[in-house]
1. With a point put 7 Å past each Cα toward its Cβ, work out how far R173 is from E214 in nm, to one decimal.
2. Taking 7 Å along the Cα-to-C-beta vector as the label spot, tell me the S317-E143 distance in nanometres, rounded to one decimal.
3. Peptides 195-208, 69-82: what's the order by average Cβ count within 10 Å, highest mean first?
4. For S230 and H98, FRET efficiency with R0 = 41 Å and r from the beta-carbon atoms, rounded to 0.05?
5. What is the sum of charges, Lys and Arg at +1 and Asp and Glu at -1, for the other residues whose Cβ falls under 14 Å from the Cβ of L239?
6. For a Förster distance of 56 Å, can you work out the FRET efficiency between the beta-carbons of R85 and E198, rounded to the nearest 0.05?
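Here, each number is a calculation from the coordinates, and none is a lab measurement. In this text the structure is predicted, and so the values were computed from the model without any measurement. We place every Cβ from the backbone using ideal geometry, glycine too, and count neighbours over all the protein chains shown.
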Amino acid sequence: MHIHRSARMRGFDPFPELRPERSGLSKGAFGLAVQILTSPTGCDADGRQLAEQGPDGRAGIARMLRELKKAGFYWVITFRLPGGRIISQSHLFDTPQHVAPDPIPPGPGGSGPGAPDVLWKTREGKPSLPAARTAAEPQPKPEPQPEPQPQPQPESAPAPEPAPEPEVPAESRAAAALLHRVVRPEPRLRIGEVEALELAPLVAEWVRRGSTPEDLSRALVPGLPAFMYSAAAVLRDRLSRKMPPEPGLLPEAPAIAAAKSARPRSSYAECAKCHDPVPTPGICGPCAGLAPRPIAVGTGSAAVRAGAQRARAALRSARDTLPIAHRLTPTGT
């Protein structure tokens, strides 16, 4: 069986197209495909041998292979060799194939050790007899060889001392610690110490441009995708893409406060007669007889008292004009 493995796009799932939720395969067919794909290249196991290795039996293995073949992962092709021999080859892929694969011509096989006394058939169909064994002649005893003298072993050179680790600047450590504090509330953004030190220059640049931990949190934590393959890659992208501008490159805001302070305040004039405030110099409308004079604050008590007396008198007169049956009587009498 020829095994075809595609290049991995990610390091988390070696067979993403084979998963039952994506390919529609049963769990048994998925397990059989993974078992064959993880075996050495050029696995010679056929359906009978696969059935002997597991509890599914020949019928179960045949059903799983038919399922893989229907989904496009398993192909069996038959072709004729130049000598006229017809052979079949089986191919297993980790991605569905819609076109049959090209046949792979078999290479020359290596010679294997055979039995010494095999009876080969002749053209007439009769087995040939093995050659008569000659009597074993006494072999001369080998002369004893002198034992080799042990050679002095050269002194091994001392092992080189490991190179000292480069010292991390204090600014990078502080930036990495700040990044850890910012992403701590979000479990999906947990990163290691090495990844935090790689992102430390970007965080230090944010701090240099005047950003606070709250600014970093608002830029990194909200709006995360539902599934992330690499938290460090997401943080690097957001730190680079959302980098605030340099403080000196921001456009200057208009001096609104200075304009307000420089604007002259509006001055109000007083009426020449009653001294009430008026928008323009002169006399007010009531003094000119063009409008009624408003009641001043604190001087309307007499008008209120007189109005209340007139209201009570109107109510009494209305009650007296009503028929006796419609008059209201106090309750309980």
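1. About 3.0 nm, to one decimal.
2. So the two model labels end up 16.5 nm from each other.
3. 195-208, 69-82
4. So the FRET efficiency works out to roughly 0.80.
5. Net local charge, L239 excluded: +2.
6. 0.40
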